[in-house]
1. Can you figure out the FRET efficiency of residue 3 with residue 108, using R₀ = 41 Å and their beta-carbon distance, to the nearest 0.05?
2. With θ taken as phi - 60° and the coefficients 6.51, -1.76 and 1.60, list the Karplus ³J(HN,Hα) couplings across segment 20-36 in order, rounded to whole Hz; mark glycine and proline as x.
3. Computed over the Cα atoms of segment 429-474, what is the convex hull's projected area averaged over all directions, in nm²?
4. Work out, step by step, the length gained on full extension between residue 59 and residue 417: first 0.36 nm times the residue separation, then minus their alpha carbon distance; give nm to one decimal.
5. Between residue 74 and residues 5 or more places away or on another chain, which pairs have amide H atoms under 5 Å apart, with H built 1.01 Å from N, and which residues are they?
6. Need one number: convex hull volume per residue for segment 300-439, Cα atoms only, in Å³.
7. Report Rg(Cα)/(2.2 N^0.38 Å) for segment 405-481, keeping two decimals.
8. Would you work out if segment 79-122 is rounded, prolate or oblate? Take a ≥ b ≥ c from the square roots of the eigenvalues of the alpha-carbon gyration tensor; rounded if a/c is under 1.5, else prolate when a/b is larger than b/c, oblate otherwise.
Amino acid sequence: MSNLSVNIKMFQVGELGDCFLLKFKKDGSESSVLIDCGSFRNSDKSEQRLQTIAGFIKDDLEGRPLDVVVGTHQHNDHLSGFVHAFGVFQQTGINNVWLSWLDDPKDEQAGKIAAGQRKVTDNLQKIVAELAKNNNESHSLASSRISDVLGFYLAADDAEKPKAGMKVKRPPVVPQMGIDNLRKLGKTVSYLSPGSVLDLPALPQNSVKVYVLGPPRNSNLLFDINPNKDETYDTKLAAISNLAEGYLSAMKNFTGEPVDSDEGNFPFDKKHDRKLTSKLFSKEYQMKKNAWRTIDDEWLDQAERLSLYLDTYTNNSSLVLAFELVDSGKVLLFVGDAQTGNWLSWEDIKWDKDKVKPGFTLDFLLNNTVLYKVGHHCSHNATLKEYLDDKIIHKDLVAMIPVDRTDPNITKNNGWKMPAVNLYKKLKENTQNRVLVMDIGYDPDCDPDGEAKESWAKVPFKPVYNQQKFYIEYEVHSDSN
């Protein structure tokens, strides 16, 4: 029987966010892996919580540096901890930093994509600033919705959202700061592409293999929720960038600011404005009781869609890793926030033949997954249905969901649906109710000392919920069974 084990701690960041500490042990050797550390907001409370958690991680390592830190993708809720707790991580030390190929400053394709993303983000910030100049209910609603999505990127806390007449200073992009800090903290920085296979550092060779599944190099899959559309990343970036500039032009029309002449092709320009000629119709149109029927601000809905598109792309750019405990074949699957295009790309990966067994396939990894870190806080489009139906079905499967159902983005009217009801139900079915959640440890029907006692007895480790140190803990043991 093997003595290889891995302890997994899912930290409670106090809001939407991800922070997982993995400690692998074999034959007296130990390797620590931190996968993400971040929360959605950047309030004082958020910063203090992340600093506290970083301190717990430091103490847990007992003077050893982190062997590997993984930054999955550029969203606040995955990377802000490396900004707000930079000093703690500096004291802890980091031997290796693993980032995706999209963060590689020497990668030409990544550079083009990053430039396009920055342009869209910048224009969306400007749109929010223009919306704030108008005391208009439709504009306020659009501003709020766009700001919700921009919250994944920016340093401003909810309390600092711009108000009418307020001069807006656009905040820095925190995730990029997190990536920059990781580059400073890591002794070695690696940019990983799908198909790569690595031995986990600090353990005997061939003890734990790490398979890189995403993000895809195929730009169609990287950018599209529906990967059947035949679009290149260049076309996508140009389209959404032009759309963002068009909205900005429209907002300047509302505030009376001059519009650049090269934006005259957009339909929101003043020269395309048409007044109602019928006095009777005009009077009816402007009556308060008919406000719900007007179309003046219908175009603002598209701005929200634009911001959601940017969010979807960033999630799809997640670094996806599968950790195989080699002597048993058991797999831990960490998908970041990967959405459909990322998942579908795994079928076409060309693996390094020198580092995988003959006949190795994706199905081997999925069929042997005994721990699944559920993507994007268990949202409906971040777990591929066909894989959960037919492939991620191991008898020992445990799921860990980094969701906080008290987060304002979830509790507000028409808030984000996390966890998605049907997906949550399917995860409980596949795991026999062995589902751990970040906010409370587990629901009553997954309680290891209650309703799910018999189910948890089938796996080698009963989860531990440490409320004092903000984590839910589980272990996977490699054996010959």
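Just so you know, all these numbers are worked out from the coordinates, no wet-lab data involved. Here the structure is a predicted model, which means the values were calculated and not measured. Virtual Cβ from ideal backbone geometry, glycine too; neighbours counted across all protein chains shown.
1. It comes to 0.35.
2. Ordered by residue, 3J(HN,Hα) equals 10, 10, 10, 10, 8, 9, 7, 6, x, 9, 9, 10, 10, 10, 9, 9, 6 Hz.
3. Working: hull surface 12.4 nm².
Projected over every direction and averaged, the Cα hull of segment 429-474 covers 3.1 nm².
4. Fully extending the segment from residue 59 to residue 417 adds 125.4 nm.
5. Those lying under 5 Å, H to H, from residue 74: there are none.
6. Numbers: hull volume 16.8 nm³, N = 140.
In segment 300-439, the Cα convex hull volume per residue is 120 Å³.
7. Normalised Rg, Cα atoms only: 1.25.
8. Judged from the Cα gyration tensor, segment 79-122 comes out oblate (a/c at least 1.5, b/c at or above a/b).
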